[in-house]
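The block underneath contains the structure these notes are about, expressed in structure tokens.
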Amino acid sequence: MTIYTIQRGDTLYGIARKFGVSVKDITDTNGLSSVNRLMIGQALVIPTEIKPTIQVNGYAYPTISDVTLALTLPSLTFISIFSYQVTSNGNLTPINDQRVIRAAKDSNTLPMLVLTNIGPTGRFDSDLAHEILANETVQELLISNLITTLRNNGYAGVDIDFEYVYPMDKELYNSFLEKVTTRLRQDDFIITTALAPKVRENQTGTLYEAHDYATHSRLADHVIIMTYEWGYTYGPPMAVAPINQVERVLQYATTVIPSKKILMGIPNYGYDWTLPYQQGRPAKSISNTAAIALAQEKGVEIKFDPVAQAPYFYYKDENNALHVVWFEDARSIKAKLNLVSKYELGGISFWTIMNYFPQAYAVLNSNYQIEKF
């Protein structure tokens, strides 16, 4: 129990944020209503079981269902709507985002525009990024179009998610970020960037080299580190986000980026591989709830890997082919959330929230207060 004495200028909301509790926690404990006038010198009892406050982002496509939105938005600080795709002439490909934006605002969740270099093929396009980053005239038009869209559509800010940028374009990407953040700050827009999961600054590979952790940290309000896809569609069977690999990324990231700026990525899905693994044969994406239902249907035991801190199981299909499924459950989510506390991170980011997974939000809300604006 903590006793707090009201100071000049205090509000219930401000006190709640100061101690990492909710306004309801304070009002219920002290027999107040939210409209009670606070008196300078008044003593308040602050509940003893104080849960830390974190920020939670969820990526969503515009097609997310109303039911899933209603279930998920109370547990989100931001909803990042995926995505506005840039074109080589600086335009943005529009999306039908108004329904999601309205729902977000009704729940005090901040809608974020996601800006990507996804090309006509539906994949992140290195050449498209280069065309933008190498042409200052196109960049100026892009930034102007971005600001217009943010204002007109009622977004709180932007998540810049340029992936597979050519290593040779690293400084051009840094320069672009400098320009866009300078302009956006004039209107108080929130700026987030998405970063590949690096374990060292000089990590090689097109996914990693142009993502300069130090520059993104300096320019952005938050960074979302995409700590998933170790197990992926065309890769060998393994956990999507093994805890040991995720922690390696955080160990490096927190030496370069203030920990409170980091939102750690958490996958809300798994993969189903046919065995034996054959290179080039894709795994099938599966939701966590569908994975649990499949294990129940097949009557197989769900095992838990102590190193990856992730669940998996084997089953045979109707053709007697053996499969292995790696996914997330309450235990693996809790293990990842433990890293938030260990490294004092700003919060987490779910990719994606399209399939509602109640266990994830139950674990999240039992351990943390979710910051709302």
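The values are calculated or read from the model by the stated rules, or taken from the named source; none is laboratory data. Because the structure is predicted, anything quoted here is derived from the model rather than measured. Don't worry about glycine lacking a Cβ; one is built from the backbone with ideal geometry, like all the others, and counts go over all protein chains shown. In case anyone asks, the SASA skips ligands and DNA or RNA and just uses the protein heavy atoms, side chains included. Shrake-Rupley method; radii C 1.70, N 1.55, O 1.52, S 1.80 Å.
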Practice task
Check the stretch 227-239 and report whether any residue there is open to solvent by less than 10 Å² (accessible area, probe 1.4 Å) and touching a helix residue (DSSP H, G or I) at 6+ places or on another chain (Cβ under 7 Å).
Solution key: yes
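Looking at Val199, Val158, which is the one that is open to solvent by less than 20 Å² (accessible area, probe 1.4 Å) and modelled with pLDDT of 95 or more?
Values: Val199 fails: open to solvent by less than 20 Å² (accessible area, probe 1.4 Å).
Of the residues listed, the single one that is open to solvent by less than 20 Å² (accessible area, probe 1.4 Å) and modelled with pLDDT of 95 or more is Val158.
Looking only at the stretch 220-273, count how many residues are of a type in the set (Phe, Trp, Tyr) and without any contact (Cβ under 8 Å) to a residue 24 or more places away in the chain.
Going residue by residue through the stretch 220-273, those that are of a type in the set (Phe, Trp, Tyr) are 228, 230, 232, 234, 252, 269, 271, 273.
Adding the requirement that they be without any contact (Cβ under 8 Å) to a residue 24 or more places away in the chain leaves 230.
Summing the residues that are of a type in the set (Phe, Trp, Tyr) and without any contact (Cβ under 8 Å) to a residue 24 or more places away in the chain in the stretch 220-273 gives 1.
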Completion exercise
Quick count over the stretch 68-90, residues being free of Cβ contacts under 8 Å to residues at least 40 places away in the same chain and either among the small types (Gly, Ala, Ser) or at positive phi (or both), is 1
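Residue-wise test of (1) hydrophobic (A, V, I, L, M, F, W, C); (2) within 19 Å of Thr289 (Cβ to Cβ).
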position: Lys334; (1), (2): no, yes
position: Lys342; (1), (2): no, no
position: Trp351; (1), (2): yes, yes
position: Asn355; (1), (2): no, yes
position: Tyr361; (1), (2): no, yes
Exercise for the section: Output yes when any residue across the stretch 352-365 is modelled with pLDDT under 95, hydroxyl-bearing (Ser, Thr, Tyr) and in contact with a helix residue (DSSP H, G or I) (Cβ under 8 Å, 6 or more places away or on another chain), and no when none is. Expected result: yes
Practice task
Output the number of residues of the stretch 62-91 satisfying the condition of being farther than 23 Å from Ser287 by Cβ, of a type outside the set (Ser, Thr, Tyr) and surrounded by fewer than 19 Cβ atoms within 10 Å (Cβ to Cβ).
Solution key: 2
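Tell me, which strands (runs of 3 or more DSSP E) lie completely within the stretch 259-373 with 1 or more residues that are surrounded by fewer than 17 Cβ atoms within 10 Å (Cβ to Cβ)? Spell out how you get there, then give the answer.
Values: elements: 262-267, 270-274, 284-286, 303-305, 310-316, 322-326, 347-351.
Ranges flagged: 284-286, 303-305, 310-316, 322-326.
Hey, can you tell me all the residues within the stretch 241-258 that are open to solvent by less than 10 Å² (accessible area, probe 1.4 Å), under 20 Å from Val363 (Cβ atoms) and of a type in the set (Val, Ile, Thr)?
To start, the set of residues in the stretch 241-258 that are open to solvent by less than 10 Å² (accessible area, probe 1.4 Å) comprises 241-242, 246, 249-250, 253, 257.
Add one more test, that the residue is under 20 Å from Val363 (Cβ atoms), and what stays is 241-242, 246, 250.
Of everything in the stretch 241-258, just one residue is open to solvent by less than 10 Å² (accessible area, probe 1.4 Å), under 20 Å from Val363 (Cβ atoms) and of a type in the set (Val, Ile, Thr), namely Val246.
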